[in-house]
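In what follows, a structure is listed as structure tokens, so that the remarks can point back to it.
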Amino acid sequence: AMNENCLFCKIIKGDIPAKKIYEDDEVLAFWDIAPQAPKHFLVIPKKHISGPAAMTEEDEQLIGKVIRVGAAIAGENGIGDDFRVVFNNGAGAGQTVFHIHMHILGGRAMNWPPG
Ligand code: 5GP
Ligand code: ZN
């Protein structure tokens, strides 16, 4: 269900514009507004889940799809085979939007450890 106060639910609904890359009935991918790499996009489920720690067992397949779709569209969007996948959980870890989202970052050397 839509969360009235959630930025990403508003993007899903179309109330806030986004540069969409991929969309189906369950997931949406769009470019990050403040990219931290030459290529940086987000993949979200349309279901409102506040973050990884709020997932239940019934969300496992959906978030698996988020990962699969993100990896599959990276190659077609200028990223190639080398990219970083990030889920931030909690404000102390840098989560600022409390609708679960996967970052995919690439287009440059993605060093490890990330710091
Ligand atoms: P977090 O810090 O919660 O892991 O990631 C939230 C991400 O959402 C950030 O990278 C931020 O730049 C991005 N973001 C925040 N507001 C918007 C927006 O209105 N549109 C888009 N496309 N990205 C946004
Ligand atoms: Zn939401």
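Readers should treat all values here as calculations from the given coordinates under stated rules, not as data from a laboratory. In this text the structure is predicted, and so the values were computed from the model without any measurement. Heads up, the Cβs are rebuilt from the backbone with ideal geometry, glycines too, and the neighbour counts pull from every protein chain shown.
Observations on the model:
- Calculated FRET efficiency, Ala34 to Glu58, Cβ-Cβ distance, R0 = 41 Å: about 0.80 to the nearest 0.05.
- Here's the list of aspartates and glutamates a cross-link from Lys39 could span, going by alpha-carbon distance under 17 Å and ignoring same-chain residues fewer than 8 apart: Glu76, Asp81, Asp82.
- Where only DSSP H runs of four or more residues are counted, the chain gives -6000 deg cm²/dmol as its mean residue ellipticity at 222 nm, each run worth -39500 (n - 2.57).
- Ala109 versus Thr96: modelled label distance in nm, points set 7 Å from Cα along the beta carbon direction: 2.7 nm
- Loop-located chymotrypsin sites (Phe, Trp or Tyr not before Pro) in the stretch 4-51 (DSSP state not H, G, I, E or B) with no more than 12 neighbouring Cβ atoms inside 10 Å do not occur.
- Residue order for Ile67, Ile100, Ile16, fewest other beta carbons within 10 angstrom first, comes to Ile16, Ile67, Ile100.
- ³J(HN,Hα) computed for each position of the stretch 42-56 - Karplus, 6.51 cos²θ - 1.76 cosθ + 1.60, integer Hz, glycine/proline x: 10, 10, 10, x, 6, 5, 6, 10, 6, x, x, 6, 9, 5, 10
- By the count of neighbouring beta-carbon atoms within 10 Å, fewest first, Glu76, Glu57, Glu23 end up ordered Glu57, Glu76, Glu23.
- Angle between the chain longest axis and helix 60-74 axis [Cα atoms, degrees, rounded to 10]: 40 degrees
- Only lysines eight or more places from Lys10 in sequence, or on another chain, were considered; those with a Cα closer than 17 Å are Lys19, Lys20, Lys46, Lys47.
- Considering all different alpha carbon pairs of the chain, the Kirkwood hydrodynamic radius works out to 14.5 Å.
- The shape of the stretch 23-90 comes out prolate: with a ≥ b ≥ c from the C-alpha gyration tensor, a/c is at least 1.5 and a/b beats b/c.
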